[in-house]
Each structure stands twice: as structure tokens, then as C-alpha cells.
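The next block holds one structure in the form of C-alpha cells; read it before the comments.
The values are calculated or read from the model by the stated rules, or taken from the named source; none is laboratory data. Worth saying up front: this structure is predicted, and the values here are computed from it rather than measured. All Cβ positions, even for glycine, are placed from backbone atoms using ideal geometry, and neighbour counts span all protein chains on display.
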Amino acid sequence: MALVWVVAVPMEGSAQNPPKKPRPKKPTEKRTKWDDMDIGPFQSYGLETQLNGKLWRPALKGLNIKLGKNASLCFDTERLRVAAAWEGGFIKLPTGRDGLEGVPKIIGNLAFTTPMIPGWAGPRGEWAEPNPPVINGKDVYSKGPLPRDWAKWRGHYTHGDQVILSYTVGASGILELPGFDGGIFTRQFEITHSPSKSPLNLLLAEAPGAAGKVDGNIATLESDGQVTGATVLNAGVTLKAENGRITAEIKSLLPTSQFIVGMWNGPAEQLGELKDFSKIKIKTRALTDMTKGGPAQWNKPVTTRGRLSLVPGAYVVDTITVPEDNPWKSWIRCSGFDFFEDGTTAAMCSVTGDVWIVSGIDEELKELKWRRYATGLFQPLGLKIVEGQVYVLGRDQITRLHDLNKDGEADFYENFNNDISITNHYHEFCLNLSTDPEGNFYFIKGGNLRKATVPHHGCLVRVSKDGSKLEIVATGHRAPNGMSVGPNGELTSSDNEGNWVPTSRVNYVKPGGFYGHVHTAHRKEPPNDYDKPLLWLPHQVDNSSGGQVWVNSNRWGPFSRDLLHLSYGKSTLFKVMKEEVDGQWQGAAVRFPLRFDSGVMRGRFNTHDGQLYLAGLRVWQSNGARFGAFHRVRYTGKPVHMPTELKVAKDGIRITFTNPLDATTAVDDQNWAIDQWNYQWTQGYGSKLYSTKDPAKVVGDKRQGTFGGDPVAIKAIKLSEDKKTVHLLVDNLKPVMQSRIRFNIMAADKTVIKQEIFHTINRIPAQ
């Protein structure tokens, strides 16, 4: 192995090396529970800081790494460069919307930065990438990572409190260990060279306009009395100082080479310190040995006791109690989960960045054991287990977690796919994570509430089974909080009220479809129409939609193979009744008589017990009482009295119930009421309720607390022979965005059924 010691001295006062300033005062911003967490040795997040008094964001997909107690470093996982390093502390996490709005800021003194360019030269020695990031005032856009033939982020390993970076440059494999020692920021490398023997070119520092010089084994850039310098102790590395950059050419003299880069900034008169430093001999360690799993950090399990429902009913809500009181003060806000094959163990991610493993999910829930499995992920809002491996969706990538030494904690955070484009806007969450029968992954990405600036704003996307390809399936989403994949590959999504979204909507998604939000249409010309949703839901009923889940269990009552919709805002669950009329989908929703401790967003059926499990959190507009909750919706076997099917007929509406109805109350028109209204699809935020007869007349306004529409006369009511289907006869039934059907009847066993159905009619059948 060739041993190289490189010292780079970034120049103070350059574009990427601002002058040293007095140590800033401790942040006076409000605190959140996030500030009290032991978040582990790293935190994946974008980063914000000040450069020469101006707002500057060094990385959108940053891996912020603790280097002991007094220094930190941010590595850009798209450009594969050290974006910034600083002394004095770690990062101040954002506080807006309980940590989901805003960008972290550094705590301490910025030592050096680098521009948003590749950290390694390309295949032909070039530095300019084909699709570079865009900086427009305070907005920063990245259209994706470097081309794979140039470089690829593989992920990072943890070894105790150390983080080892792994990536490729061309065909060469790179392991890198950041560190800090005696005021020196270090980067230790272990490179497995490609057979081509082509040299690699590493960017060490940049100081535009500075005078470059190479004197013996020291290269410098000097400007205004400040020096950026580098020294090399091995002939296999050649330093260059030209065009305001110091670069290192690394020749593949041996199959594997090791070297260390040290970074420090100082005045020109102290250049002698650099010469003295160049004489230090450092022993390197084999980084490969640190990629096999390190010591456990979170090896103390936390035990909770679940709660079984004491409320009678056909469906009841049990609670899988999350470990809110834990040794690391982890703020658990449940944002995604899935079950391992045994069905009694699940993985749960928190939007704060953790993944937990919980066991003991049995009938009694008496002893739930929680293990902290992973930390530091970037706002994870989806999780899927495939063949025993945990995949987590963050804003930056899909991460596949590996427990290399089988000690119950993740040691390798593998980049399964990071092709998603990203900006610094807080609203661009990546949500849900599902797979289709072929093994492809799906998730949905929010928009930036303005005109789309990157290719994936407001899109439902598919990632191939092997993670090699990401492609857009459908566009036009604003603030989706979920989606689903059905048993036959059916796709659904939901969206929330806002610009171009008059109220919450649930979509039956078709490839190439556009679902209303013009800013994320990704069309050459703004569309003047949209693909109609499966159904609309009034703001008063579902002010913030969650995801959907398909019933794939025959042990959950009468709703096998049906679609369910989750409400984050109202902490409740809907049964969806769908129909296809002449190629157009439409449907209705009715609420289950259930409430949850938090807004519900993610749902899965457990193949072990056949029951529905729901998870969610409380951050923005939700009536949930807790920050995070995990529930089981258990079918008790008691009779279910709910609508299960709704069909539109030329002469009215047919509603089928799960059990026979009382013949007297079911056909009494005093027990039924229908009113209807439309919304306006505009750039304005949401919509009032408008008359179906007079499109300009307002019949309801959430801001004024009015809710209702035009009454619809029911001419007659018929009951089927089996007493399960009610036929509401209505004259001149027409398409309408929102119909509300209210009823107060009894089942044949005299159980009172008082509910309301929210229905969308996109098309009337010809017969």
C-alpha cells in the first residue's frame, strides 16, 4: 500500500473559506424535543449557514457527522465532497412545525467550505457535471446525483461513534473516514483502484482568484495574506495549485492505496507550521476492517405494555405503546412501519430520524420490547421490509439497512436509490414506501407549492426492484401524505387542500395521469383540466389526508379486498366504496366509528393475525392528542353494520350494507337526506362550496363554519329482497363533485345505524 499524507489549508476570506468570526452565542431560538435527543454520530439533512454575511446552503443531501465533541463535518452525498467543516459543536435542528420546517444551522465557527461542484474529477478529467445544481437567490435546486459512470454514493458504515463513507469514482472503490485531531480536519482514504490504472483527481480546496504555487512538496494558494496549502509525502500523489484550486492526482501504482487529507486554515506568516506538520508520520488503519460492524450503541431495550380496547364493538382499537420515555430521549413520531415474517416483530421509523424494532406484538400486548435499530435518517416517512431487510424512505434516498454483525443495530446505511431530485423547500417530503407484486418500489413526493423547479416535484415515482432506476408514474400532486399499491398493482394516492386542490382528494392513479396541482404538472403548457379523483372529501371531514391500505386479510370482517383511506387530520379511518363506469373510476367513503391517539398516515395488515395496524404522528393540522401512536384495529367477530358498496344507477343510487336492514326504517324517506355541491379548481387556496344549480352561489364556507349544499329530492326508496341494498330513486341524477348522503336507520337486529357517506359522481351509467 502507498501511504500518503496530504495537508490542505483552506484560505480564510475566500469564497468557500469565510473569515473567522467570534464564536457565536448559543442559539436563542425555541427548543423542541429534538434538541434533547441523543441522535447518534450523524444526522442526514440539508444544511444552512452564513458565508460572508449571506445565506448559503452547502449541501441539500448532507451527511452531518460529529467529529468528537468540538468539531463536525458535512459531506455532500450527491457531489461526493466535503461541503463544510466547523469547530465548536454540531447542528441546531429546525424548530418550525416541530422540526419539519426549516434547515439546520451549524453551531460553532465555520472552518472551510467547498462550492457545489463534484469532489472528484469526471471520467475525462472534467469538473463540470452535465446537470449541475442551480442556485437562484435563496433557492437551491439539485436535479439529482452525479452520473453513475462518474461517481456513485454507496452509503456509510458506523463503527462506534465513527462514520466511514463508501462510494465509487469511476470503477474505483473509495472508503473515507473523516476525523478531527488537534485542530486539523482529517480525511483518511482507502482506495481500491480500477484495472485501467487511470489517475484519480481529488479536489482539496478552492480559492477563486488566489495565486497558486507549488514549492517542493507544498502547494499553496495565497490571497490577502491567507494561505491554502497542501503537502504530500508520497511520490504517488501529485499536487497542483492552479486556477484557484488545489487538486491531488492519485496514480494507481498499487491495487490499493491509503492516504490522509488534513485541512486547516491560517495566515501566511504561519506557513512554517505547515512545513513542520508535513514531517509528522501517521499510522493509517485498514478501513475495510471497520466495515464489518462495530460495537452496539443502543443495546438497552425499552419495555412497554400495550393496551387492549375495553370499548365494545365489531372493530376496536388496541394500542402498541411507543417508548416515549427512553434513555436517549428519542422523540418518536411514527411515520412508517412494516412487519417481519413472524408477524410479532415490526420495524418502525420516526420522522425525527430513528428506526426502532418492536417485538412481542401478540394478542395480549403485555410485554413489548423496543430496540433502537438506526438513527440519523433524513425525515423518514416510509418504511418497507423485503426479505427481512429494512428499507427506509427519506427526503434524500431510499436507505437499505444492514446489521452486519447481528447485534440488533444497523451498521451499514446503504444507498438503495438516491436519484430523487430535491430543493431546500420544506414542503418536499417523500412519503410512503410500498412494493408491487413484481417487487418494484413506489413512493410519492410533495411539491414546493410554487412552479416545479426539479423533475420530481409532486410526482408518484417507481424505483426498480434492484434500485437501479427511478421513473415518474404520475404528476400533479401538491402535498400528498400517502399512497398505496393494491394486490394487482393498483395505485392510489391522496392530496390535501391548497393551491389547485380545492379539498382533500383520493385518486385512483393511472400511469401518465395528472392530478390537479398545476405547478407540478410537468407539462410544456399549463393544463386546463385534470384526471378526476376517485372521490373528494370535505375539509370538515378530512382536512389532511393520510395514505391508503388494501384489505388483504379474510380475518378482518366483511371487507376483504376493499380499500381503506386514512385521515391524518381527523385521526380516523374510512371505508372506500369504488366503482368503474365506462372506464371512469368514482367512489364514496364512510367513516368507521373509531378514533386514534394521533393522525393516522400508514397502514398495514399483519399476515400473522390478519388485523389492521395503523401508525401516525402529530405535526401540522391534526386533532391527534399525541406526537406519535401505533394502533391495532381488531375485528372482534361482532356484527358489522356499515355500507359496503355504493353504485350509481341511471335512476338513483344503490347502497349495499353488510347485514340486513330493518324494512320499516330503511324505506322511510324521513330517515334519509342528500345534499350536493361542487368546488372550484383554481390557483386559490382551497375552495368554498358552490351550488350545483347556480355555479356562482356559495352554499358553504369552512371559514364561516357553514357546511352543506343543494338538497336532492328522494322520489322513493326500495329495499332488496335480501334487505341489504337500499335503492334511492332520484330524478335527473347528474355528475357532481361532492354528494353527502345522511341516514338514521336500523339494522334487522334493531342496531341503530346513523352515518353519512361522502360521494363523488364523475359519470352516470347509460343503463
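For the reader, a short list of remarks on this structure follows.
- Some residue of the stretch 105-124 being free of Cβ contacts under 8 Å to residues at least 12 places away in the same chain and surrounded by fewer than 22 Cβ atoms within 10 Å (Cβ to Cβ): yes
- When the residues of the stretch 318-341 are filtered to those that are among the polar types (S, T, N, Q) and farther than 24 Å from VAL386 by Cβ, the one that is surrounded by the most Cβ atoms within 10 Å (Cβ to Cβ) is SER330.
- Meets criteria (surrounded by fewer than 22 Cβ atoms within 10 Å (Cβ to Cβ), touching a helix residue (DSSP H, G or I) at 6+ places or on another chain (Cβ under 6 Å) and at pLDDT below 90) for GLY183: no
- Qualifying residue in the stretch 600-617 (condition: in contact (Cβ under 8 Å) with a residue 12 or more places away in the chain, under 21 Å from SER545 (Cβ atoms) and charged (D, E, K, R)): yes
- Of the criteria (1) buried (at least 24 other Cβ atoms within 10 Å of the Cβ); (2) part of a loop (DSSP other than H, G, I, E, B), which one GLN548 fails: (2)
- Members of the stretch 725-767 found to be buried (at least 19 other Cβ atoms within 10 Å of the Cβ), more than 15 Å from LEU534 (Cα to Cα) and among the small types (Gly, Ala, Ser), listed by number: ALA747
- All positions within the stretch 668-690 that are in a strand (DSSP E or B) and within 30 Å of MET746 (Cβ to Cβ): TRP672, ALA673, ILE674, ASP675, GLN676, TRP677
- In the stretch 128-152, the residues that are touching a residue at least 12 places away in the same chain (Cβ under 8 Å) and under 29 Å from SER172 (Cβ atoms) reach residues that are of a type in the set (D, E, K, R) and in a loop (DSSP other than H, G, I, E, B) with C-beta atoms within less than 7 angstrom, at least six apart or across chains, in these pairs: ASN131/LYS143; SER142/GLU78; GLY144/ASP419; PRO145/GLU78; PRO145/ASP419; LEU146/GLU78; LEU146/ARG79; LEU146/GLU129.
- When the stretch 708-756 is filtered for residues that are in contact with a strand residue (DSSP E or B) (Cβ under 9 Å, 6 or more places away or on another chain), under 21 Å from HIS641 (Cα atoms) and charged (D, E, K, R), the ones remaining, listed by number, are LYS718, LYS723, LYS724, ARG740, ARG742, LYS754, GLU756.
- Total residues in the stretch 401-432, condition farther than 15 Å from ILE357 by Cα and in contact (Cβ under 8 Å) with a residue 40 or more places away in the chain: 22
- Listing of strands (runs of 3 or more DSSP E) fully contained in the stretch 371-464 that carry 3 or more residues being touching a strand residue (DSSP E or B) at 6+ places or on another chain (Cβ under 9 Å) and farther than 29 Å from TRP500 by Cα: 382-386, 389-393, 398-402, 412-417
- Restricting attention to the stretch 454-478 and to residues that are among the aliphatic types (A, V, I, L, M) and at pLDDT 95 or above, the residue that is nearest to TYR391 (Cα to Cα) turns out to be VAL463.
- Residue satisfying all of: in the stretch 61-88; within 30 Å of THR168 (Cα to Cα), more than 24 Å from the chain's Cα centre (by Cα) and outside any strand (DSSP E or B); modelled with the highest pLDDT among these: LEU67
- Filtered residues of the stretch 478-528 (kept if among the charged types (D, E, K, R), assigned to a loop (DSSP other than H, G, I, E, B) and touching a His at 6+ places or on another chain (Cβ under 9 Å)): ARG478, GLU497
- All positions within the stretch 588-625 that are within 21 Å of the chain's Cα centre (by Cα), part of a loop (DSSP other than H, G, I, E, B) and either more than 10 Å from SER571 (Cβ to Cβ) or in the same structural domain as GLN676 (by TED's automatic domain parsing) (or both): VAL619, TRP620, GLN621
- Extreme residue, surrounded by the most Cβ atoms within 10 Å (Cβ to Cβ), among residues of the stretch 215-244 that are part of a strand (DSSP E or B) and aliphatic (A, V, I, L, M): LEU221
- Number of the condition not met by THR344 [criteria: (1) surrounded by fewer than 24 Cβ atoms within 10 Å (Cβ to Cβ); (2) at pLDDT 95 or above; (3) closer than 30 Å to ASN131 by Cβ]: (3)
- Count of the stretch 486-528 residues which are in contact (Cβ under 8 Å) with a residue 60 or more places away in the chain, closer than 25 Å to VAL581 by Cβ and of a type in the set (Val, Ile, Thr): 4
- GLY708, sole failed condition from (1) touching an Asp or Glu at 6+ places or on another chain (Cβ under 6 Å); (2) in a helix (DSSP H, G or I); (3) not polar (S, T, N, Q): (2)
A quick yes/no check of all residues on (1) crowded, with 24+ Cβ neighbours inside 10 Å; (2) closer than 28 Å to ARG561 by Cβ; (3) not assigned by TED's automatic domain parsing to the domain that holds GLU414:
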site	(1), (2), (3)
GLY446	yes, no, no
LEU449	no, no, no
PRO455	no, no, no
GLY458	yes, no, no
LYS510	no, yes, no
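- Top-ranked residue of the stretch 422-444 - restricted to ones that are at pLDDT 95 or above and of a type in the set (Ser, Thr, Tyr), ranked as surrounded by the most Cβ atoms within 10 Å (Cβ to Cβ): SER434
- For the stretch 579-608, the set of residues classified as small (Gly, Ala, Ser) and farther than 12 Å from PHE630 by Cβ consists of GLY583, GLY587, ALA588, ALA589, GLY599, listed by residue number.
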